[in-house]
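Participant: Below are the structure tokens for one structure; questions will follow.
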Amino acid sequence: MSIPENKKQLLAAMTKNWDALQKKLSLVPAEQAYITQLDGHVSGTQMSVANLVSYLIGWGEQVLYWHQQERAGQNIDFPASGYKWNELGKLAQKYYADYASITCWSALLEKHADTHRKLLELVESYSDDALYGIPWYNTWTRGRMIQFNTASPYKNAATRLNALVKK
């Protein structure tokens, strides 16, 4: 699928990549979800599937928070408070820690699904012009920033799970 250029394409990419990811996640037994067995988001580190899902939740919640900040008339702190774009590995590890208290696999997956639903609602709340008509962050449109942090990481996560679910 090419890079979305409008609301309909963005929703389609989010849904398609979400569905593909869910198929892979459904193959991960709960007893394996918290075992460190995947390459982490920082070179030389390892993570669990639960960490991977936590990372996706973290980015989804971050996108929602950006919009909450905007609605409140606050400056948006990209990518997140206390982090710079060249510190995304550290931010990934923060997201792992943020959801580490959710030790029930089905509860973590439900949190992920809830975040995804909120992201779809967010996209639905904007027009094509608001999503793709004007730059929102530097040269990036709102739609592109949402896609960077939803559809793209969903696809990447599904790819990361390929080797694990084929075992």
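Participant: Quick check on packing: order 153-160, 78-85 by the mean number of other C-beta atoms within 10 Å, highest mean leading.
Facilitator: 153-160, 78-85
Participant: Could you name the lysines in cross-link range of LYS23, using Cα to Cα under 25 Å and dropping any fewer than eight places away on the same chain?
Facilitator: Cα-Cα hits under 25 Å: LYS7, LYS8, LYS111, LYS118, LYS155, LYS166, LYS167.
Participant: In terms of modelled amide H atoms, which long-range or inter-chain residues lie less than 5 Å from the amide H of THR141?
Facilitator: Placed amide hydrogens put TRP136 under 5 Å from THR141.
Participant: Reported to two decimal places, what Rg/Rh ratio describes the range 6-65 when computed on Cα atoms with Rh from the Kirkwood expression? Could you put the intermediate results ahead of the total?
Facilitator: Numbers: Rg = 13.6 Å, Rh = 13.1 Å.
Computed over Cα atoms, the ratio is 1.04.
Participant: Positive end of the charge dipole of the range 31-161 (Lys, Arg +1 and Asp, Glu -1 on Cβ, about the Cα centre): tell me which of GLY82, LEU131, VAL42 has its Cα farthest that way.
Facilitator: Toward the positive end, the furthest listed residue is VAL42.
Participant: Right, here's the next one. What does the range 77-167 give for Rg and for Dmax, in Å, if only its C-alpha atoms count?
Facilitator: Rg and Dmax of the range 77-167, Cα atoms, are 15.5, 45 Å.
Participant: May I pose another question? Checking a compactness column here: for the chain, what do you get for Rg(Cα) / (2.2 N^0.38 Å), N being the number of residues?
Facilitator: Details: Rg = 15.8 Å, N = 167, 2.2 N^0.38 = 15.4 Å.
Cα Rg divided by the expected 2.2 N^0.38 Å: 1.03.
Participant: Now a separate question. Would you work out the charge dipole size for the range 63-130 about its Cα centre, treating the Cβ of every Lys and Arg as +1 and the Cβ of every Asp and Glu as -1, and quote it to the nearest 20 debye?
Facilitator: Details: 7 positive and 10 negative charges, 71 e Å.
With Lys and Arg at +1 and Asp and Glu at -1, about 340 debye.
Participant: Still on this structure, I have one more. What size of dipole, in debye to the nearest 20, comes out for the chain about its Cα centre when the only charges are +1 on Lys and Arg C-beta atoms and -1 on Asp and Glu C-beta atoms?
Facilitator: On the way: 18 positive and 15 negative charges, 88 e Å.
My answer is approximately 420 debye.
Participant: Can you tell me the dipole magnitude for the range 122-167 around its Cα centre, using point charges on the Cβ only (Lys, Arg +1; Asp, Glu -1), in Debye to the nearest 20? Please report the intermediate quantities before stating the final value.
Facilitator: Details: 6 positive and 3 negative charges, 104 e Å.
The dipole magnitude comes to about 500 debye.
None of the figures in this text is laboratory data; all of them are computed from the coordinates on show. Quick caveat, the model's predicted, so the values are computed rather than measured. Cβ atoms come from the backbone with ideal geometry, glycine included; neighbour counts cover every protein chain shown.
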